[in-house]
1. In terms of solvent-accessible area of protein heavy atoms at a 1.4 angstrom probe, what is the ranking of A:96, A:9, B:115, highest value first?
2. Applying the Karplus parametrisation 6.51 cos²θ - 1.76 cosθ + 1.60 with θ = phi - 60° to the phi angles of the range A:91-106, what ³J(HN,Hα) value in whole Hz is obtained for each residue in order, glycine and proline being reported as x?
3. Each residue of the range A:22-34 in turn: what ³J(HN,Hα) in whole Hz from Karplus with 6.51, -1.76, 1.60 and θ = phi - 60°, glycine and Pro shown as x?
4. Please average, across the residues of A:29-41, the number of beta carbons from any other chain that are within 10 Å of each residue's own beta carbon, and give a whole number.
5. List the trypsin sites (Lys or Arg not before Pro) in the range B:42-131 that DSSP assigns to loop (not H, G, I, E or B) and whose Cβ has at most 16 other Cβ atoms within 10 Å. Which are they?
6. Enumerate the whole-percent occupancy of each 10 Å bin, from 0 to the last occupied one, for all C-alpha pair distances of the range B:43-139.
7. Residue-wise, which Karplus ³J(HN,Hα) couplings in Hz belong to the range B:106-113, taking 6.51 cos²θ - 1.76 cosθ + 1.60, θ = phi - 60°, and x for glycine or proline?
8. How much accessible area is lost when chains B and A come together, counting both sides, with a 1.4 Å probe, in Å² rounded to the nearest 100?
Amino acid sequence: MIGSATDLSFEANLERMDQFLLLGLLGAMVFAGLCYTRGRREWWPRVFGISSAGALMVQGGLLVAAAVQEGLRNSDPPSGTPDLPFSFETWVLLGSIGSLVLGLALLGAGVSLIYLGWLAGKKPVRSAKKSAREGDQQTDGSSLK
Amino acid sequence: MDWLFATVGSEAGSELDRFGMQLALMAGVALFLGALRLWRAEGTRARLVLVVGLGLFALGVGVQNLERLGLFETSYYPGWKVEMEHDLYVLDADVVYSEEDMEHEFVGPRWWEGSVWWGQRLARLGGMVLAIMGFVLDGREALGKRFGRPGKRKGAARS
């Protein structure tokens, strides 16, 4: 019977909602990355977008793997342990590698967001300094004349 | 291929898991710091939403991963009392306890465990919703500024 082995408790549903919201967050990060990248030549917006897209793909893969596992558990004949098509250890190891890559991609996105913020904070200062310098040069020039 | 993964074993998997959790913890903090930096550079409403959202997200992920890494232990989960009473009075109704057993006081979760459990989950869920809104709004504003669409600039002008 389908759904017999599926955990439908409140806690499990909360966990599922959490996973899907994380997928949504990563999607929003990809969107923001695309918006930051458009019309700019800097590297960091691209790093942010690519890291977010990588994290989105890994999270999507982890969700699909969890769904496949659940489906296998509920398959006919139902198996107590999801040993098909891989052994249980393989599922666990693949999940661990996935969460490691997800952590790495998220960290990459975080670091690039810090750099983006630093760039955004630096630009007005830089332009102000530049305009001040230009102003100084102009006054110097006029005084020389 | 399967034999290869099986020989690596679940111990290596748990080590990788731990490393992934540590990375996710650092990533949450890095995202929050990045959003804070963006907000300090230009304090728009979208960036404020992003800072609050990513701050809550970092807090929730941090507490969750610290618990998973074994820094502290909790035994709380929703419905623990109902389950315990069901086990004691329905499933084990025929079990006769000795006097020595009866002398022991029942130890449930500590008073703060429920708050931590609900707090970290609500922080994570609320934080993610706010962060999604923040990223979408900030992305739209960035596009509006770059290509000069008046409709997109409105949010930035208001803040």
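1. Working: A:96 0, A:9 50, B:115 80 Å².
Greatest to least solvent exposure: B:115, A:9, A:96.
2. Coupling constants for the range A:91-106: 4, 4, 5, 4, x, 5, 4, x, 5, 5, 5, 4, x, 4, 5, 5 Hz.
3. So the J values, rounded to whole Hz, are 4, 4, x, 4, 5, x, 5, 5, 5, 4, 4, x, 5.
4. Details: counts 6, 2, 7, 14, 2, 3, 12, 5, 1, 5, 5, 2, 0.
Mean shielding count: 5.
5. Numbers: sites: B:45, B:47, B:68, B:81, B:110, B:121, B:124; in loops: B:110.
The qualifying sites are B:110.
6. 15, 28, 23, 17, 10, 5, 2
7. 6, 10, x, x, 5, 4, 8, 5
8. Values: alone 11730 and 10460 Å², together 18280 Å².
So the buried area, both faces added, is about 3900 Å².
The values are calculated or read from the model by the stated rules, or taken from the named source; none is laboratory data. Computed from a predicted model, the values in this text were never measured in an experiment. Positions of Cβ are generated from backbone atoms using ideal geometry, with glycine treated the same way; all protein chains shown enter the neighbour counts. Ligands, DNA and RNA are stripped out before the accessible areas are found, and what is left, the full protein with its side chains, is counted by its heavy atoms. Shrake-Rupley method; radii C 1.70, N 1.55, O 1.52, S 1.80 Å.
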